[in-house]
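Asker: Let me begin by handing over the structure; questions about it come next.
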Amino acid sequence: FRSQAAVRLGRKPVLMEVCGTHTVAVSRSGLRGLLQDALELKSGPGCPVCVTSQADIDRLIAIARLPGVTIATFGDMVRVPGSASSLEVERAAGADVRIIYSPLEAVNLAREHPEREVVLAGVGFETTAPAVALAIKEAASQGIGNFSVLSLHKTMPPVLRTLLQDKELVLDGLILPGHVCTIAGRLPFDFIATDYGIPAAVTGFEPLDILAALEVLLRQAISGQPAVANVYRRLVAEDGNARARAVLAEYFTPVEVMWRGLGSIPASGLQIAAPYRHFDAAHRFPVTPLTGSGFPGCRCGELLAGKISPPRCPLFARQCTPNHPVGPCMVSSEGACAAYYHYEHRAEVGNKPDGR
C-alpha cells in the first residue's frame with residue numbers, strides 16, 4: 001500500500017498526527033523512523049499546553065501576582081515561559097501556585113481556604129473541558145464563591161479547518177485523536193473529507209491503533225476516495241458522548257480565541273457561559289498583562305502549524321532542552337519537541353560513532 005500510494009501521489013504520502021498524545025506514541029514506539037522511507041509523519045496543533053497563546057500565559061501570570069489569589073494548574077503549565085516570567089518563576093518569588101491532578105481538587109482547595117481566591121487554569125480540548133464544567137457545577141452546588149476558572153480551552157474541528165485552508169501545507173491524511181472523538185464523536189470531522197478532499201482516521205494511542213489508521217489512510221490515498229474512518233470503534237461513537245456534550249453546551253460558549261502559531265480562529269475556544277459568568281476568572285480579574293514577542297529563534301508556532309519538524313528549529317537540543325525549555329513544545333509532556341528529544345533525537349545521537 002505504501003508504494004502504491006507514493007506512485008499515485010508522485011511522492012511520499014504526508015500524514016499528520018494531530019494529537020500530542022499520538023506524537024508521543026509515534027516517537028516512543030519508533031514508528032516515525034521505521035516508516036520514514038515510505039511516508040512522512042508531521043506533528044500538528046494537538047498539544048493543548050503548546051497551543052495556548054503567549055498572551056494567555058501572560059494573563060495567567062498577571063492573575064497569579066494579585067494578592068490573595070491561588071492558581072491551581074496542571075503540572076505542564078507551570079514551566080511554560082511567558083514574555084518575561086512563568087508560573088514557576090512566580091511561585092519561587094512567593095506566588096501561591098498549586099499543581100493539581102483533577103479540576104475537583106481546585107474546588108476542594110477553594111472550600112478549604114475561603115480566605116483566598118482560587119483560580120483554575122482550564123487548559124485542554126473537548127477531552128478535559130467536561131471535567132472543568134463539572135467542577136463549576138460542583139462549586140455552584142456547594143455555594144463556593146471563591147472559585148473561578150480562566151478558560152483557555154479549545155476545540156479541535158475549527159483549528160483543523162484553519163490548517164486545511166493553508167495552501168502551503170501539503171497533507172494527504174489526518175490521524176484524529178481518539179479521546180477528543182470519544183466526546184465529540186466522528187461526525188463533526190466529516191468536513192475534512194467532504195470539504196477538503198482529505199482522508200482522516202480516528203484512532204487510539206497504541207502502536208497497533210496507529211498502524212491501523214495509517215493503513216486506512218493509505219488505502220484511501222490509493223483509491224482517491226477520501227472519508228473520515230473510525231478505527232477506534234471500541235470507544236468512539238458516531239455522535240460521541242451525549243451527556244458530556246450536553247455539559248459542555250450548558251457551561252461553555254464557543255468564542256474566537258488566539259492559538260500559538262495559528263493566529264485567531266473563530267469559534268475555536270470555550271468561554272464560560274453567561275449564567276455562570278461569576279465563575280469566569282477573565283471576568284472577575286480583568287488584568288492587563290505585559291506582553292512581548294517571546295524568545296528570539298523559537299519556532300514552536302511553525303511546528304504547531306505543521307510547517308517544520310523539531311530538529312529544524314535552531315534552538316532544538318541546543319539552547320532548548322527539557323531541563324531548560326525555551327518554548328512550550330519542549331515543556332509539555334505532549335509537546336512534539338519533548339517527544340523528539342526523548343525518543344528520536346537522543347537515539348540518533350547514540351547511534352553516531354562519535355556520539356555527537
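The values are calculated or read from the model by the stated rules, or taken from the named source; none is laboratory data. Because the structure is a prediction, the values reported are computed rather than measured. Cβ: placed from backbone, ideal geometry, glycine included. Neighbour counts: every protein chain shown. Just the protein is used for accessible areas: all its heavy atoms, side chains included, with ligands, DNA and RNA removed. Shrake-Rupley method; radii C 1.70, N 1.55, O 1.52, S 1.80 Å.
Asker: So if I check each of Arg277, Arg299, Arg245, which one is surrounded by fewer than 18 Cβ atoms within 10 Å (Cβ to Cβ), within 22 Å of the chain's Cα centre (by Cα) and charged (D, E, K, R)?
Answerer: None of the other options fit; the residue is Arg245.
Asker: For the subset of region 148-170 comprising residues that are over 14 Å from the mean Cα position of the chain (by Cα) and part of a loop (DSSP other than H, G, I, E, B), which member is farthest from His283 (Cα to Cα)?
Answerer: Val170
Asker: Suppose we filter Glu238, Glu215 for residues that are within 20 Å of Phe125 (Cβ to Cβ), open to solvent by 20 Å² or more (accessible area, probe 1.4 Å) and over 21 Å from the mean Cα position of the chain (by Cα); which single one remains?
Answerer: Just one listed residue meets the conditions, Glu238.
Asker: Which numbered condition in (1) surrounded by 18 or more Cβ atoms within 10 Å (Cβ to Cβ); (2) under 18 Å from the mean Cα position of the chain (by Cα); (3) of a type outside the set (Asp, Glu) is the only one that Gly173 fails?
Answerer: So the condition that Gly173 fails would be (2).
Asker: Related question: Looking at the structure I just gave you, is Gly145 open to solvent by less than 70 Å² (accessible area, probe 1.4 Å), part of a loop (DSSP other than H, G, I, E, B) and out of contact with any strand residue (DSSP E or B) (no Cβ under 9 Å at 6 or more places or on another chain)?
Answerer: yes
Asker: Could you grab me the full set of residues in region 71-92 that are surrounded by 20 or more Cβ atoms within 10 Å (Cβ to Cβ) and over 23 Å from the mean Cα position of the chain (by Cα)?
Answerer: Glu90, the sole residue that qualifies.
Asker: Looking at region 101-122 only, could you name the residues that are within 20 Å of His179 (Cβ to Cβ), open to solvent by 10 Å² or more (accessible area, probe 1.4 Å) and not in a helix (DSSP H, G or I)?
Answerer: Matches in region 101-122: Tyr101, Ser102.
Asker: Still on this structure: Quick one: Gly124 ticks every box in (1) at positive phi; (2) small (Gly, Ala, Ser); (3) free of Cβ contacts under 8 Å to residues at least 40 places away in the same chain bar one, so which box is it?
Answerer: So the condition that Gly124 fails would be (3).
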